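Engineer: Supplied in structure tokens, the structure appears directly below.
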Amino acid sequence: MRVVITGATGFIGSNLARVFLEQGAHVYALVRPGSLHLDALPVHERLHTVACDLAHVLECVPEVGHADGFFHMAWGGVNREEIDSPEVQARNVAGSLDCVEAAGHLGCRVFMDAGSRVEYGAVDGIMEEEAPCRPINEYGKAKLAFFEQAKQLCRELQLTYYHLRFFSVYGKGDHPWSIISTLTRELPEGKTVSLSACRHRWNFMDIADASRAVVELYRYS
């Protein structure tokens, strides 16, 4: 297997790369030039790092050559300052569509990307996959907009497309501000953690299990 992973230094991407390497794949990790998070990548002879950001992803095609699967896990502007920026999120959509084009040029048969539960917006009760999408912030709107455009583009390029809406994952490499990271760090130290009204029931999944599920979905697609 030869797979391409964007966002390979991130929480989901780095763990996904690790599982693919365990399965014997050659992994091409597309990372931002000058990234300060290269230590998140597994150390392996079959891991190939390619300096490339979303704005120039098509330029990386010659260096990779060909691949079987493309896993798009990169997305900028998820912090509080940029999550509602139309300009930042529009750049994400444009760069993500270039990833689909790149997958086509590389001869991939499968394209997967990391969607988000935020695409559903506010939902009363249990959030189901079939629930209508009514995103509230620009991040959720952009994720949904990309999904709508990508499924058509993948159809044209004859790529099998999976839009993976990750809900609540935790584990090694999680953001330090996530709820699980905060609670497990602060509570043992006797600190008080401010929470919401806690009216929602969340179903958390370990990132190692989630990564293995993605790889299995790819293998049997």
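The values are calculated or read from the model by the stated rules, or taken from the named source; none is laboratory data. Here the structure is a predicted model, which is why all the values come from computation and not from measurement. Note that each Cβ is placed from the backbone with ideal geometry, even for glycine, and that neighbours are counted across all protein chains shown. Ligands, DNA and RNA are excluded from the accessible area calculation, which covers all protein heavy atoms including side chains. Shrake-Rupley method; radii C 1.70, N 1.55, O 1.52, S 1.80 Å.
Engineer: What lysines sit close enough to Lys141 to cross-link, taking a C-alpha to C-alpha distance under 23 Å and skipping anything fewer than 8 places away on the same chain?
Structural biologist: Lys151
Engineer: Note down the magnitude of the dipole of segment 84-221 about its Cα centre, charges +1 on Lys and Arg C-beta and -1 on Asp and Glu C-beta and zero elsewhere, to the nearest 20 debye. Write down the numbers at each step before the final one.
Structural biologist: Details: 16 positive and 19 negative charges, 38 e Å.
For this selection, approximately 180 debye.
Engineer: Now for a different question. Just by accessible area at a 1.4 angstrom probe, what is the order of Val61, Val50 from largest to smallest?
Structural biologist: Val61, Val50
Engineer: Protein chains only, probe 1.4 Å: how do Trp202, Trp75 rank by accessible area, largest first?
Structural biologist: Details: Trp202 130, Trp75 40 Å².
The ranking, largest first, comes out as Trp202, Trp75.
Engineer: A follow-up question, please. Of all the accessible heavy-atom surface of segment 138-190, with the other protein chains kept in place and a 1.4 Å probe, what percent is carbon and sulfur? All intermediate terms of the calculation are to be shown ahead of the outcome.
Structural biologist: On the way: 1740 of 3120 Å².
Heavy-atom surface of segment 138-190 belonging to carbon and sulfur, 1.4 Å probe: 56 percent.
Engineer: Less than 12 Å Cβ to Cβ from Arg185, Lys/Arg counted +1 and Asp/Glu -1: what total charge do the surrounding residues give? Write down the numbers at each step before the final one.
Structural biologist: Working: positive: Lys191; negative: Asp174, Glu186, Glu189.
So the environment of Arg185 carries a net charge of -2.
Engineer: With just the Cα atoms defining each centre, how far is segment 192-221 from segment 38-78? Give it in Å.
Structural biologist: Result: 24 Å between the Cα centres.
Engineer: Still on this structure: Taking the Cα atoms only, what angle lies between the long axis of helix 11-22 and the longest principal axis of the chain, rounded to 10 degrees?
Structural biologist: 50 degrees
Engineer: Hey, another quick one. If you take the beta carbon distance between Glu130 and Gln158 as r and set R0 to 30 Å, what does 1/(1 + (r/R0)^6) give as a FRET efficiency, to the nearest 0.05?
Structural biologist: 0.70
Engineer: Now a separate question. Non-local amide H neighbours of Gly115 (under 5 Å, H modeled in plane, Pro and chain starts lacking H): which ones?
Structural biologist: Those qualifying (amide H under 5 Å, at least 5 residues apart or on another chain) are Leu164, Arg165, Phe166.
Engineer: Amide H of Gly121 versus every other amide H placed in the peptide plane: which residues, excluding those fewer than 5 positions away on the same chain, fall under 5 Å?
Structural biologist: Arg134, Ile136
Engineer: Near the amide H of Val169, under 5 Å away, which other amide H atoms are found, from residues 5 or more places off or on another chain, if H is placed in the peptide plane?
Structural biologist: Residues meeting the amide H criterion: Met205.
Engineer: Still on this model: For segment 82-181, what does the accessible surface come to per residue with a 1.4 Å probe? Please give it in Å².
Structural biologist: 52 Å²
Engineer: State log₁₀ I(q)/I(0) for the chain at q = 0.13 Å⁻¹ as given by the Debye formula over alpha-carbon point scatterers of equal weight, solvent excluded.
Structural biologist: For the chain, the Cα-only Debye profile gives -0.77.
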